[in-house]
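Peer 1: Please find one structure pasted underneath; my questions will follow.
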Amino acid sequence: MSATLAADIEKAPPAKPVKKEPVMKDTIPLWLAVAITVAISLPFGTYLGKFNFSLWISFICWAEYFALGANPKALKIIFPAFAASSIWTGFMIWLIHPFHGLPSLFAPGDLSVQVAFFVGVSIMVYCMKFFKTFQVGSLAYFNGMSMTLAVIFTGSTPKLDFVAAHPQSATFVAALWCIAMGWFGAILGWLNVVILFPKEVKE
């Protein structure tokens, strides 16, 4: 070993100790925490009359919370990504109306739907390159679109007099309802982890 190399080694700062991640153990088993969380959510889908929650949306976003790390940081991804695509999907469905003058191919209005979806989905996916949240949260981003479409086509929204009087508002009401249900589901995911009561295991 040369004298220069030895001198460099002596001058080098000491290596920092590697910080170990704490080992956590759940106080309540996962199966029981999930069952408790479901029991907490069910009244929202049962006792609110025409405002009963569409819990199938919530349960899907609950799974998103676990898929994105099962920690509060996941909420910062799910909330904006899910909401942005839901709102845009509501607009995309509304966009069918301006194209109603297009000819039909095989069924009434089918070409207007094709054009609206082609334009809408193209813009939605293109926007992903500018927002890291949409990239990291692509699961929530695309689920926002698919679930808003499901809400619209199944009529899974509160039956409001305002919507009956203004039918073109239905797509945006569906988008807002889908966002509320999705965010509720993400919060259920957070609650599910909280009631596990994880505690650090000391070595």
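The values are calculated or read from the model by the stated rules, or taken from the named source; none is laboratory data. These numbers were taken from a predicted model, which means no experiment stands behind them. Don't worry about glycine lacking a Cβ; one is built from the backbone with ideal geometry, like all the others, and counts go over all protein chains shown. Surface accessibility is based on the protein's heavy atoms, side chains included, excluding ligands, DNA and RNA. Shrake-Rupley method; radii C 1.70, N 1.55, O 1.52, S 1.80 Å.
Peer 1: Please go through (1) among the polar types (S, T, N, Q); (2) modelled with pLDDT of 95 or more; (3) open to solvent by 80 Å² or more (accessible area, probe 1.4 Å) for Gln114 and return the number of the only condition it doesn't satisfy.
Peer 2: (2)
Peer 1: Any chance you could count how many residues in segment 1-52 are over 30 Å from Lys159 (Cβ atoms), modelled with pLDDT of 85 or more and surrounded by 10 or more Cβ atoms within 10 Å (Cβ to Cβ)? Lay out the reasoning, then the answer.
Peer 2: Narrowing segment 1-52 to residues over 30 Å from Lys159 (Cβ atoms): 1-36.
After this cut, where a residue has to be modelled with pLDDT of 85 or more as well, the list is 27-36.
So of that shortlist, the ones also surrounded by 10 or more Cβ atoms within 10 Å (Cβ to Cβ) come out as 27-30, 32-36.
So the answer is 9.
Peer 1: Would you confirm, using the coordinates I've provided, whether Ser86 is at pLDDT 95 or above, more than 19 Å from Trp190 (Cβ to Cβ) and touching a Ser or Thr at 6+ places or on another chain (Cβ under 8 Å)?
Peer 2: Working: at pLDDT 95 or above: yes; more than 19 Å from Trp190 (Cβ to Cβ): yes; touching a Ser or Thr at 6+ places or on another chain (Cβ under 8 Å): yes.
Against the criterion (at pLDDT 95 or above, more than 19 Å from Trp190 (Cβ to Cβ) and touching a Ser or Thr at 6+ places or on another chain (Cβ under 8 Å)), Ser86 qualifies.
Peer 1: Among what's in segment 53-79 and is assigned to a loop (DSSP other than H, G, I, E, B) and farther than 15 Å from Val173 by Cα, pick the residue that is most open to solvent (accessible area, probe 1.4 Å).
Peer 2: Taking segment 53-79 and keeping what is assigned to a loop (DSSP other than H, G, I, E, B), we get 53-54, 68-72.
Checking the rest, the ones that are also farther than 15 Å from Val173 by Cα come to 68-72.
Details: Leu68: 41, Gly69: 44, Ala70: 29, Asn71: 54, Pro72: 79 Å².
This residue is Pro72.
Peer 1: Restricting the search to segment 126-161, which residues are among the hydrophobic types (A, V, I, L, M, F, W, C), open to solvent by 50 Å² or more (accessible area, probe 1.4 Å), over 24 Å from Leu55 (Cβ atoms) and in contact with a helix residue (DSSP H, G or I) (Cβ under 9 Å, 6 or more places away or on another chain)? Reasoning before the result, please.
Peer 2: The first filter runs over segment 126-161 and keeps only residues among the hydrophobic types (A, V, I, L, M, F, W, C), leaving 127-128, 130-131, 134, 136, 139-140, 142, 145, 147, 149-153, 160.
Remaining after also requiring open to solvent by 50 Å² or more (accessible area, probe 1.4 Å): 130-131, 136, 139, 142, 153, 160.
Within this subset, residues satisfying the condition of being over 24 Å from Leu55 (Cβ atoms) are 130-131, 136.
Within segment 126-161, Phe131, Val136 qualify.
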